[in-house]
1. Of all residues in region 174-189, which are closer than 24 Å to SER147 by Cβ and free of Cβ contacts under 8 Å to residues at least 12 places away in the same chain?
2. Step by step: first the residues of region 79-98, then only those that are in contact (Cβ under 8 Å) with a residue 40 or more places away in the chain and among the aliphatic types (A, V, I, L, M), then the one that is farthest from TYR206 (Cα to Cα). Which residue is that?
3. Where in region 31-143 are there helices (runs of 4 or more DSSP H), lying wholly inside it, with at least 2 residues that are modelled with pLDDT under 95 and small (Gly, Ala, Ser)?
4. Among (1) surrounded by 14 or more Cβ atoms within 10 Å (Cβ to Cβ); (2) at pLDDT 95 or above; (3) of a type outside the set (D, E, K, R), which single condition is LEU211 missing?
5. Are any of the residues in region 190-200 within 16 Å of ARG93 (Cα to Cα) and surrounded by 13 or more Cβ atoms within 10 Å (Cβ to Cβ)?
Amino acid sequence: MKHSYTSLLAAALAIALAGCSAPNQTSTSSAVTNTTEQSSKASSDSKESQNDSSAQAVDSETPGTPVENDESAENDSQNPLANIHLPEGTGKRVRLTLDQAVTKKNNDEQFVLLYMKDDCSYCAEFDQVLNPFIKEHPLTVYEVSLSQAEEMYLPEDKDTMLNILTAGVGRTPALYYIESQEKVNLLDHTAENYSTSGLTQWVAKYDLTSLK
C-alpha cells in the first residue's frame, strides 16, 4: 500500500512538471518568434534606409541640365552695333544750294540731305560725329546751308523749296534720306540718333553707303 502511494505521488509530480513545462516552451517559442520577426524587420528597415541613402547619393551625384549663359548673345543685345558691318572707304560732304537739292529730288535721285546753319552749336557737335564717320565709310552727304539760303533767296522762295524737299525743316542739324519724291526719311532729333552709334544704325538700315 505504501508502495502504491509513492508511485501515485511520483506520477502526480511528473504530470505537474509536464503541465508547467508546456507553457514555458510555448512562451519561449513565442519569444524566439518575436525576436526573429523584430530582427527581420530591423534588417528590412536597414536595407530600406540604405536604399534611400543610395538614391539620395545618386541624386546628389547626378548633375542637372547645365544652364549655359550665352554671353555673346547677351552682349549683342546690349550692343546695337555688334551685327552691323559697314563697308570701309572714304565718303564726302558735297555743298548744294537749295535749288540744286530740289533739282536732284525732281530727277528722282536718291541721296542723303543735311541741313546745317552757321550759328548752330548742335551742328558743330554733329560735325565731330560726321567728319570721322565719312573718313571711314563711303557715305556721300549733300549739305545745304540754311544760313546761305537766307541770303540767297526771298523768304517765300526759300520756304517753298524747303517744303518741296522735306516738307519744311524744324531744327538743325537735320539729316534726311530722300528715297523718292513721295518718301523722305528723317533721322529723328535725339542726342542718341545724332551720335556715332545712331548714325551707324541709320546708315545701315537704309544701306546708304551704296548711294552715290
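1. Narrowing region 174-189 to residues closer than 24 Å to SER147 by Cβ: 174-178, 184, 186-189.
Within region 174-189, ASP188 is the sole residue that qualifies.
2. Step one: list which residues in region 79-98 are in contact (Cβ under 8 Å) with a residue 40 or more places away in the chain, which gives 80-81, 84, 86-98.
From the residues that got through so far, the ones that are among the aliphatic types (A, V, I, L, M) too are 81, 84, 86, 94, 96, 98.
On the way: LEU81: 15, ILE84: 12, LEU86: 12, VAL94: 20, LEU96: 22, LEU98: 24 Å.
Looking at the filtered set, the residue picked out is LEU98.
3. The helices (runs of 4 or more DSSP H) meeting that bar are 71-78.
4. (2)
5. Just the residues of region 190-200 that are within 16 Å of ARG93 (Cα to Cα), to begin with: 199.
Retained after the next criterion (residues that are surrounded by 13 or more Cβ atoms within 10 Å (Cβ to Cβ)): 199.
Yes - at least one qualifying residue is present in region 190-200.
The values are calculated or read from the model by the stated rules, or taken from the named source; none is laboratory data. Please read these numbers as outputs of a predicted model, since none were measured by experiment. Every residue, glycine as well, gets a Cβ built from its backbone with ideal geometry; the counts of neighbours run over all protein chains shown.
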